[in-house]
1. So what is the accessible area of the stretch 96-183 per residue, in Å², with the probe set to 1.4 Å?
2. Determine the shape class of the chain: with a ≥ b ≥ c the square roots of the Cα gyration tensor eigenvalues, call it rounded for a/c under 1.5, and otherwise prolate if a/b is greater than b/c, oblate otherwise.
3. Relative contact order for the chain: what is it in percent, counting Cα pairs under 8 Å that are at least 6 residues apart?
4. Provide the gained length on full extension for the span GLU110 to MET186, in nm with one decimal, where the gain is 0.36 nm per separating residue minus the Cα-Cα distance.
5. With every protein chain kept in the model, how would you rank LYS229, LYS174, LYS210 by accessible area, 1.4 Å probe, largest at the top?
6. At 1.4 Å probe size, with the rest of the protein present, what percent of the exposed accessible area of the stretch 183-235 is carbon and sulfur atoms?
7. Anything over 30 Å Cα to Cα? Flag those among LYS35/LYS166; LYS9/LYS166; LYS9/LYS198; LYS70/LYS140; LYS99/LYS198, in the order listed.
8. Please list, by residue number, everything in the stretch 174-189 whose backbone N is under 18 Å from a paramagnetic label point 7 Å out along Cα→Cβ of ASP254.
Amino acid sequence: MAFTAKDVKDLREKTGCGMMDCKKALTDADGDMDKAIEILREKGLAAATKKAGRIAAEGLVVSVVDEAKKVGVVLEVNAETDFVAKNEQFVTFVNNVAKTIIDVNPADVEALENASYIGTQQTVAEALREQILTIGENMKIRRFVRLEGDLISYVHGGGRIGVMVKFDTDVADKDGFVDFAKDIAMQIAAAVPQFTHKEEIPAETIEKEKEILMAQAINEGKPQNIAEKMVFGRINKYYKEVCLVEQPFIKNGDISVAQYAKDTANALGGKIEIVSFVRFEKGEGLEKREDNFADEVASMMK
């Protein structure tokens, strides 16, 4: 399978590896992106890749909770330029779409677009078209997640990252709990966990990770029995990277997020369990207009 300059660019963005290392890995993998990532990781050149490459598209992510209903929404609406994300009319529209989701509970984006836009006789799709005509840019409602329960929301970077965390708690000190919950939401925004608990990781994902870690150890010249012990230690390190409750707490690296939750629950005299979370980063996995970097890669591949 052949590969292009854009494939080299994408691999570099996903792994952080050098351009020529990426080109060689794609050559060895016969153009297969996932296999090329594995090759780079086995050589110890790339860390575990995050769920998406470089952030590309513009728009806005909001995280909204209706405290009375105990319902929340994380929503991403894309636009062509970052200028639109600062447009008051666009911001109002996105927040109203979030409120519509809270009220209507649509199954997916298509159902949302056919729903009544809050406080009007229009559908959401019609309201969206009106925004496009008025502002003069193409826009798209990309995705949303609606949660119910004890929720905390957090938005970072003026709508670049939106986080919502669901808790199971019975603590009476609501102010103390909110301070704790905001810390957890900020942890998710900054440390980009992929799972809440390690039990959520699919078995095949762990087996693949062990294979890669074993290949790393063997490539470092370690004998099989030593390599197996190293894999055991490194898989625990992997859990600390991808699982929220296993991660070192950002404000105090000496304890894990799980320990911080336990300590806070004891201090507040109640139960606190981190149930789940949603983290949207604006444009993750989307393509933007090509920059000159692809030309730079092409010139190196000649």
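The values are calculated or read from the model by the stated rules, or taken from the named source; none is laboratory data. Small disclaimer: the values here were computed from a predicted structure and weren't measured. Because the Cβ atoms are built from the backbone with ideal geometry, glycine has one as well, and the counts that use them run over all protein chains shown. When the accessible area is computed, the model is the full protein with side chains, heavy atoms only, and any ligands, DNA or RNA have been set aside. Shrake-Rupley method; radii C 1.70, N 1.55, O 1.52, S 1.80 Å.
1. Ligands and nucleic acids excluded, the figure is 50 Å² per residue.
2. Details: a/c = 2.58, a/b = 1.20, b/c = 2.14.
Judged from the Cα gyration tensor, the chain comes out oblate (a/c at least 1.5, b/c at or above a/b).
3. Working: 484 pairs, mean separation 69.4, N = 302.
Dividing the mean separation by the residue count of the chain yields 23 percent.
4. On the way: separation 76, 0.36 × 76 = 27.36 nm, distance 3.08 nm.
Gain in length upon complete extension: 24.3 nm.
5. On the way: LYS229 145, LYS174 110, LYS210 80 Å².
Largest accessible area first, the residues go LYS229, LYS174, LYS210.
6. Working: 1620 of 2820 Å².
Taking all protein chains in place, the stretch 183-235 shows 57 percent carbon and sulfur surface.
7. Values: LYS35/LYS166 35 Å; LYS9/LYS166 37 Å; LYS9/LYS198 32 Å; LYS70/LYS140 27 Å; LYS99/LYS198 33 Å.
Violating the 30 Å limit, Cα to Cα: LYS35/LYS166; LYS9/LYS166; LYS9/LYS198; LYS99/LYS198.
8. Flagged as within label range: none.
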